[in-house]
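Student: Submitted below is the structure of interest, expressed as structure tokens.
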Amino acid sequence: MVKSKKVFSRVEIASNRNIPGSELMLLSFFEPSIALSAVAGQFVEIGVPGCILPKPFSIRNTHRFGLVDVMYEVVGKGTETLANMSEGAEITVLGPLGNGFIHQNESDVYLVGGGTGIAPILFLAETLDQSSHVSLFIGARSNRFLPELSLLPAHTKIATDDGSEGYHGNVIDLMRERLLPQAHVFACGPKPMLKSLWNLVKNWNNEIQFSLEAYMGCGIGACLGCQIETTGGQKHICTDGPVFYAKEVIDAL
């Protein structure tokens, strides 16, 4: 998988806003070293005031002029504190961390994202060669947990559990109903989604890569909080992943 040299920085928040019509947040900060080296699938650890341990966030996007975007949901004290921080407030950032997706601009690609796992999948979608034939599938509990629909690629297919946007059901059922031909698969989302996806595509001969979600207290393999068993022995999601070849980790899901 793909790694980049990590940096530790104290940075100011450039923007921190609700995504319109959504309960998701989009945070941006200026850190050129991360922006110029990060690849889709990697993450950053953000130190939030009042929290003992930093919080891991997938990188949503990077910009040539040095901005880094992360998309997140408010789920606890740490993210609630972060959501209330304004432009100019200071945070600490360590990254880019972990391994990103390996892609070689394959001709037929399925990108699958669920929940906040949508973020690295959208990042990957924006890095693929325009000549690739990409089908993008994203799933969420409801339309309140989707990114800005106007900014999604035209080929995006959406599933929501409550039917408030797109297909009424989960994203893997949406894929199954479309009777998809074989293609390369890159995915990030909750464990049940990845397990269901694996059952759908496990007999395909093409490349299948999963980005696993876990609470990563340190991001550098020291706390052992994200250790999993793989076909290659015990590994850490934060340093050996979060992107793995699916056949390595399916028993850990």
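Student: Name every cysteine in the chain that ends up alone, with no second cysteine's Cβ under 4.7 Å, or say none.
Tutor: Cys51, Cys188, Cys226, Cys238
Student: Further, regarding this structure: Could you pull out the trypsin sites (Lys or Arg not before Pro) across the stretch 43-131 that fall in loop regions by DSSP (anything but H, G, I, E, B) with no more than 13 other Cβ atoms inside 10 Å?
Tutor: Arg64
Student: Another one. Can you grab the distance from the C-alpha centre of the stretch 1-62 to the C-alpha centre of the stretch 168-215, Å, no decimals?
Tutor: Computed from Cα coordinates, the inter-centre distance equals 26 Å.
Student: Setting aside same-chain residues fewer than 8 positions from Lys6, which lysines have a Cα under 18 Å from its Cα?
Tutor: Within the straight-line limit of under 18 Å, Lys6 reaches these lysines: Lys55.
Student: Would you work out which of Pro153, Met216, Ser107 lies farthest towards the positive end of the dipole of the chain, given +1 charges on the beta-carbon of Lys and Arg and -1 on that of Asp and Glu, about the Cα centre?
Tutor: In the chain, that residue is Met216.
Student: Quick one: compute the contact order of the chain, relative version, from alpha carbon pairs under 8 angstrom and 6+ residues apart, as a percent.
Tutor: The value is 19 percent.
Student: Using only Cα atoms, find the angle between the long axis of helix 118-127 and the longest principal axis of the chain, and express it within 0 to 90 degrees, rounded to the nearest 10.
Tutor: Orientation of helix 118-127: about 80 degrees from the principal axis.
Student: With +1 on each Lys and Arg Cβ and -1 on each Asp and Glu Cβ, and nothing else charged, work out how big the dipole of the stretch 1-152 is about its Cα centre, in Debye to the nearest 20.
Tutor: I would put it at about 300 debye.
Student: Also, quick follow-up: Relative contact order, percent, of the stretch 34-183 when contacts are C-alpha pairs under 8 Å separated by at least 6 residues?
Tutor: The normalised contact order for the stretch 34-183 reaches 20 percent.
Student: What is the magnitude of the charge dipole of the stretch 108-252 about its Cα centre, with +1 placed on the Cβ of each Lys and Arg, -1 on the Cβ of each Asp and Glu, and no other charges, expressed in debye to the nearest 20?
Tutor: 220
Laboratory data are not the source of any read-out in this text; all were calculated from the coordinates shown. What you are looking at is a predicted structure, and each value in this text was computed from that prediction instead of being measured. Backbone-built Cβ (ideal geometry, glycine too); neighbour counts: all protein chains shown.
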